[in-house]
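The values are calculated or read from the model by the stated rules, or taken from the named source; none is laboratory data. Here the structure is a predicted model, which is why all the values come from computation and not from measurement. Note that each Cβ is placed from the backbone with ideal geometry, even for glycine, and that neighbours are counted across all protein chains shown.
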Amino acid sequence: MRLIDEDGTQVGVKATNEALSYAQSKDLDLVEVAAQADPPVARIMDYGKYRYEQEQKAKLARKHQSQIQVKEIKLRPKIGIHDYETKKGHVVRFLNQRAKVKVTIMFRGRETTHPERGRDLLMRLADDVRELGQIESPPLLDGRNMVMVLAPTKNAGVTRDDAKDEDAQRGEEAVQADRNGQAAPAPGDEHAPAREEVAQA
């Protein structure tokens with residue numbers, strides 16, 4: 001068999017017994033990696049470590065796949081304002097969950113003769129949620145349906161509470177600066193300190 005060392009270098013063609021002895025001398029395993037080759041190829045490695053690394057890679061791949069979710073919302077070209085707002089709310093919620101959203105316009109009967117209405121509706125929706133979602137796949141006609149895919153932006157998933165906490169923190173910093181005498185008076189308040197001194201007197 002053709003033997004490959006642990007660092008990837010070619011050791012050469014060895015008999016099976018010689019290859020086993022070579023692996024044992026390094027306290028490593030002899031693993032056949034290409035049985036169909038002529039001669040077969042074997043590699044010196046720590047098989048337990050190799051298996052562990054492969055399992056970790058597979059686990060990471062599964063985790064990555066599970067994080068990418070695609071939700072679907074279906075609309076009609078003549079959707080009412082109330083229903084549109086409801087559907088838009090679902091899209092916003094999905095985007096904030098860091099999921100992609102597949103938006104489908106379903107045409108019926110003669111509605112298929114006016115695909116531009118479906119396209120306009122999809123673009124209107126994309127514009128309404130532009131802070132949270134960006135167009136990954138533009139509106140495309142697929143039979144009696146028109147499909148668009150939105151992907152979350154970096155702003156998706158950021159709650160208003162986070163923004164409020166940031167504003168509150170800035171406010172506290174401004175108050176602290178004012179207490180230290182570092183805050184400049186607001187425009188038109190140049191005489192405020194004088195009035196304060198009079199009041200104290």
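Which numbered condition trips up Leu132, out of (1) surrounded by 14 or more Cβ atoms within 10 Å (Cβ to Cβ); (2) in contact with a strand residue (DSSP E or B) (Cβ under 6 Å, 6 or more places away or on another chain)?
(2)
Name the strands (runs of 3 or more DSSP E) wholly inside the range 87-162 in which the number of residues that are over 14 Å from Glu72 (Cα atoms) and under 16 Å from the mean Cα position of the chain (by Cα) is 2 or more.
Per the criteria, 133-142.
Considering each of Leu75, Leu60, Leu95 in turn, give the residue that is under 30 Å from Glu136 (Cβ atoms) and touching a residue at least 60 places away in the same chain (Cβ under 8 Å).
Leu95
Check the range 108-115 and report whether any residue there is charged (D, E, K, R), closer than 26 Å to Val70 by Cα, modelled with pLDDT of 90 or more and surrounded by 12 or more Cβ atoms within 10 Å (Cβ to Cβ).
Checking the range 108-115: not a single residue is charged (D, E, K, R), closer than 26 Å to Val70 by Cα, modelled with pLDDT of 90 or more and surrounded by 12 or more Cβ atoms within 10 Å (Cβ to Cβ).
If a residue must be among the aliphatic types (A, V, I, L, M), surrounded by 13 or more Cβ atoms within 10 Å (Cβ to Cβ) and under 38 Å from the mean Cα position of the chain (by Cα), how many such residues does the range 32-73 contain?
Matching residues across the range 32-73 total 3.
Looking at the range 74-82, is at least one residue under 11 Å from Ala151 (Cα atoms) and in contact with a strand residue (DSSP E or B) (Cβ under 6 Å, 6 or more places away or on another chain)?
No, that holds for no residue.
Kindly indicate which of Glu72, Glu55, Glu32 is assigned to a strand (DSSP E or B), farther than 30 Å from Arg108 by Cβ and of a type in the set (D, E, K, R).
After applying the criteria, what remains is Glu32.
Give the residue that is nearest to Gln36 (Cα to Cα), with candidates limited to residues of the range 1-13 that are in contact with a helix residue (DSSP H, G or I) (Cβ under 9 Å, 6 or more places away or on another chain) and at pLDDT 90 or above.
Per the stated criteria, the residue is Leu3.
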